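Single-structure report; data block below.
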């Protein structure tokens, strides 16, 4: 998928018809980034979760380009609950724009969890000022995968 300046992704709140595209981005991104991490839910369960829970009941944002969803972000209060960028769109600034939006939406600070094995995500969040605050053995997540909690707090002057 080629990108030009004229088709830079548009960020907007997700609406019901976006659930399918957001779920597909989640599925492709998870498969690409975490091929060795056990998935706790089937593809159809993920699609139903986006359709029935995420889009209608959470603050869900999508990035769209050329009529397709290329990234999804879910905020839950002060938690950056989900951030997935379609693999062909990684490294094009879409994730950066979504994190900046999350910070504007939660100016008092944000927290998030990511798997310890996801080194690219960890570097990405650290580059955006998130600091590792807690490491776990994964006993409390559905995948049973060791994870890390990151925290971002705005600089005070």
- Item | Scan of segment 123-157 for residues that are closer than 16 Å to residue 98 by Cβ and assigned to a loop (DSSP other than H, G, I, E, B), ordered by number | 128, 129, 130
- Task: Evaluate segment 33-56: report whether one residue or more is surrounded by fewer than 17 Cβ atoms within 10 Å (Cβ to Cβ), outside any helix (DSSP H, G or I) and under 14 Å from the mean Cα position of the chain (by Cα).
- Result: no
- Message: Criterion first (in a helix (DSSP H, G or I) and either over 27 Å from residue 136 (Cβ atoms) or in contact (Cβ under 8 Å) with a residue 12 or more places away in the chain (or both)) does residue 62 satisfy it?
- Response: no
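Given the options 14, 22, name the one that is under 14 Å from the mean Cα position of the chain (by Cα) and within 26 Å of residue 116 (Cα to Cα). Step through it out loud before you land on a result.
Numbers: 14 fails: within 26 Å of residue 116 (Cα to Cα).
Just a single option satisfies the conditions, and that option is 22.
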- Item | Boolean, residue 120 is in a loop (DSSP other than H, G, I, E, B), touching a residue at least 12 places away in the same chain (Cβ under 8 Å) and more than 21 Å from residue 140 (Cα to Cα) | no
- Query: Would you say residue 71 is buried (at least 20 other Cβ atoms within 10 Å of the Cβ), over 30 Å from residue 136 (Cα atoms) and under 15 Å from the mean Cα position of the chain (by Cα)?
  - Reply: no
- Query: Can you tell me how many residues in segment 135-157 are free of Cβ contacts under 8 Å to residues at least 24 places away in the same chain, closer than 19 Å to residue 82 by Cβ and surrounded by 11 or more Cβ atoms within 10 Å (Cβ to Cβ)?
  - Reply: 2
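Since every read-out is calculated from the coordinates, none of them should be taken as a lab result. Given the structure is predicted, the values throughout are model-derived calculations rather than measurements. All Cβ positions, even for glycine, are placed from backbone atoms using ideal geometry, and neighbour counts span all protein chains on display.
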